[in-house]
Amino acid sequence: MKLQSTELHPLVQEYLHELHVLRQLSAHTLKAYRMDLSELQSFAADDAIELLKVTNAHVRRWAGRWHSKGKSSRSIARGLSAWRGWYGWLTEKDARREANAGKLTTHLTANPVDDVKAPKRLKSLPKALSVEQAIALVSQAVQEARERQDLESWRDAAIMELLYSSGLRLSELLGIDVMPSKDRQMESAGWLDWDAAEVTVLGKGGKRRTVPVGAPAMQSLRSWRDIRNTSEHTVASNALFISASGARLSPRTVQARLRALAIRAGLPTHVHPHMMRHSFASHVLQSSQDLRAVQEMLGHASIASTQIYTSLDFQHLAQAYDKAHPRAKAGKA
């Protein structure tokens, strides 16, 4: 049967009609099915293959052709699903006809799309700030603290510095105590070693890890500690980061404060705490090329989780953490 380029095969039309009437698919979904099946028909016509005599090899070739033209894995998977559905419908149609002693119309014995899979979807890259944006954000926090000289501003500066300096998760950061504590009631989830410039946190899976803290971050943290210790609410709390009422700071508060700070710093993107962790990982990895070290600092159980940062293209700074990290050098913040 020779069809015009815009004319759908009668069995394709019948299939789409059943999808509309029996399965009551939406107009949008039906449009997608029609487009994918039309492409199948075009591939078959281009290769001079009858649509009802398509084999597994043909389907693989055409899926590869889609991939070579830059079609996304998601779109290829959707297209193959539409093809598989149609050929599956045809084989069932033949089986019913045969059971009823009717005449076969397609002669399909198997679905040619059954074992054809789309290329694996690439993992989306984590969103990270550029080095310049990260420095601008942290510098904005430090500048505001020096200008305002209030509890919230000094606290925010210390939080921004520590997030970017050590790549902590928000939950890890908020679990830090001023000093480690272990008694019958409570054991600290995290703490700072003020002399060694290291932070110990409790990560995923209940695993502890210790991460270095850069000199400017330690400077902001000490300034915050001094301000914090003057608050009338700090006596009853061992939490490092507290609210004005003395309670351990909530994740929502940090998220809101960071978002507002980024706007004031003029950053053209929505900044959230985990973006600071991505920025830390990307900048240090691109500088040091030490994947294992970054894995340990991030607390990743699998190095595969860390490898995604190798796809991010940031400028090279230096060769080791204490030299490479933009906020790790000694001196004024």
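The values are calculated or read from the model by the stated rules, or taken from the named source; none is laboratory data. Treat the numbers as computed from the prediction; the structure is a model and nothing was measured. In this analysis, Cβ positions are derived from the backbone assuming ideal geometry, glycine residues included, and neighbour counts consider all displayed protein chains.
Examine the stretch 39-48 for a residue that is of a type in the set (Ser, Thr, Tyr), assigned to a helix (DSSP H, G or I), at pLDDT 90 or above and farther than 23 Å from Leu22 by Cβ, and state whether such a residue exists. Yes, because at least one residue in the stretch 39-48 is of a type in the set (Ser, Thr, Tyr), assigned to a helix (DSSP H, G or I), at pLDDT 90 or above and farther than 23 Å from Leu22 by Cβ. Apart from one condition, Ala27 fits all of (1) in contact (Cβ under 8 Å) with a residue 40 or more places away in the chain; (2) farther than 19 Å from Gly88 by Cα; the exception is (1).
Residues in the stretch 234-256 that are assigned to a helix (DSSP H, G or I) and surrounded by fewer than 19 Cβ atoms within 10 Å (Cβ to Cβ): Thr234, Val235, Ala236, Pro251, Arg252, Thr253, Gln255, Ala256.
For Tyr33, the criteria (1) over 32 Å from the mean Cα position of the chain (by Cα); (2) closer than 20 Å to Glu92 by Cα hold in every case but one, which is (1).
Within the stretch 188-207, residues that are assigned to a strand (DSSP E or B) have Cβ atoms under 6 Å from residues that are surrounded by 14 or more Cβ atoms within 10 Å (Cβ to Cβ) and of a type in the set (Ser, Thr, Tyr) in these pairs: Gly190/Thr200; Trp191/Thr200; Glu198/Thr210; Val199/Ser166; Thr200/Thr210, counting only partners at least 6 apart in sequence or on another chain. If Gly203 meets every condition in (1) more than 20 Å from Thr253 (Cβ to Cβ); (2) in contact with a Phe, Trp or Tyr (Cβ under 9 Å, 6 or more places away or on another chain) apart from one, which number is that one? For Gly203, the failing item is (2). Taking interchain pairs and intrachain pairs at least six residues apart, which have beta carbon atoms under 6 angstrom, with the first residue in the stretch 146-160 and free of Cβ contacts under 8 Å to residues at least 24 places away in the same chain and the second among the small types (Gly, Ala, Ser)? Within 6 Å, the pairs are Ser153/Ala145. Restricting Val294, Val213, Val254 to those that are in the same structural domain as Ser171 (by TED's automatic domain parsing), farther than 18 Å from Leu174 by Cβ and of a type in the set (Val, Ile, Thr) reduces the list to Val294.
Selection of the stretch 59-106 for residues being at pLDDT 75 or above and part of a loop (DSSP other than H, G, I, E, B) yields Lys69, Gly70, Lys71, Ser72. All of (1) in a helix (DSSP H, G or I); (2) at pLDDT below 75; (3) in contact with a helix residue (DSSP H, G or I) (Cβ under 6 Å, 6 or more places away or on another chain) hold for Ser282 with one exception: (2).
The residue of the stretch 201-233 that is surrounded by the fewest Cβ atoms within 10 Å (Cβ to Cβ), among those that are farther than 15 Å from Leu151 by Cβ and in contact with a Leu (Cβ under 8 Å, 6 or more places away or on another chain), is Arg208. Is it true that Ala293 is without any contact (Cβ under 8 Å) to a residue 12 or more places away in the chain and in a helix (DSSP H, G or I)? Taking the combined requirement at face value, the residue does not satisfy it.
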